[in-house]
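In what follows, a single structure is set out as structure tokens and then discussed.
Throughout, read-outs are computed from the coordinates displayed, never taken from laboratory work. As the structure is a prediction and not an experimental result, all values here were calculated from the model. Cβ placement follows ideal geometry from the backbone for every residue including glycine, while neighbour counts extend to all protein chains displayed.
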């Protein structure tokens, strides 16, 4: 059976995602730190993006760089690993924008399963609002609704 | 939750499909108003205006509060609504990611089993 993914907005600047995996921490950690494995899951098909390249130098001070294509546009995400504790903890920065978060992922093994906790800490509430989601994509439907309201507002104003 | 968000979104569009309701939203964007004020402004009966406000309220675009005998209308808690949708999108992204990670973990486990067997043989 599929495990649940939970999300919690811990504070104005923090967001936490948890999920349990049916495998030892060693394996989940490996899937998170080997580029050839990481690229198999980081960009799910439903997102509508493709991963062009993925470089990861997983050690303290090492850098990573992910390049994506979304339609005709391309973008890159990059940063530095701050902590690397095999099979239990990774911390890295997200340096592609000023308001980038510090991401921490912990792997806790319990009876052959692994509880994964992914945590993002943003420099400010505004940065979280602007940056999180699909790496910077806000709720599109509501953006569209806002746009519609503006258009409607303009037409009401004229009539 | 996904369905909830979609339903809410559809309700918003339905609410916006009417010229009077769009006018009411625009009016409330300037200043809060009672149902009586709105009915007068849009030259409608109280009952008619109550219906329009009810549709906007169900869509979350307007909230009303009764103080004494006057029901005051104001623009709805859009921020909260946006946040709920935002969080849900974020959850969907991670859920899809982690479903894919499940597959990778399963494959690695299988591979280890095979390697383990080969080593023992």
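By counting other Cβ atoms within 10 Å of each Cβ, how are B:44, A:49, B:49 ranked from fewest to most? Kindly include the intermediate steps, with their values, before the conclusion.
On the way: B:44 16, A:49 20, B:49 23.
With the sparsest Cβ surroundings first, the list reads B:44, A:49, B:49.
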Least to most buried among A:120, B:57 (fewest other Cβ within 10 Å first): B:57, A:120
Tensor-based shape of segment A:1-137 (alpha-carbon gyration tensor, a/c under 1.5 rounded, otherwise prolate or oblate): rounded
Simple label model, 7 Å out from Cα along Cβ direction - residue B:51 to residue B:30, nm: 2.6
Chain lengthening between residue A:22 and residue A:124 when straightened (0.36 nm per residue, less Cα-Cα): 33.2 nm
Label-point separation, residue A:67 to residue A:34 (7 Å along Cα→Cβ), nm: 2.4
Inter-probe distance in nm under a simple model that places probes 7 Å from Cα toward Cβ, at residue A:108 and residue B:42: 5.3
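On average, how many beta carbons from a partner chain sit within 10 Å of the beta carbon of a residue in B:101-112?
On the way: counts 13, 9, 3, 13, 11, 4, 4, 9, 5, 0, 1, 4.
Mean inter-chain Cβ contacts per residue within 10 Å come to 6.
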Hypothetical label at residue A:14: residues of segment A:96-128 whose amide nitrogen lies under 14 Å (7 Å Cα-Cβ projection): A:102-106, A:117-125
Computed FRET value (nearest 0.05) for residue B:63 with residue A:95, which takes r as the C-beta separation and R₀ as 41 Å: 0.50
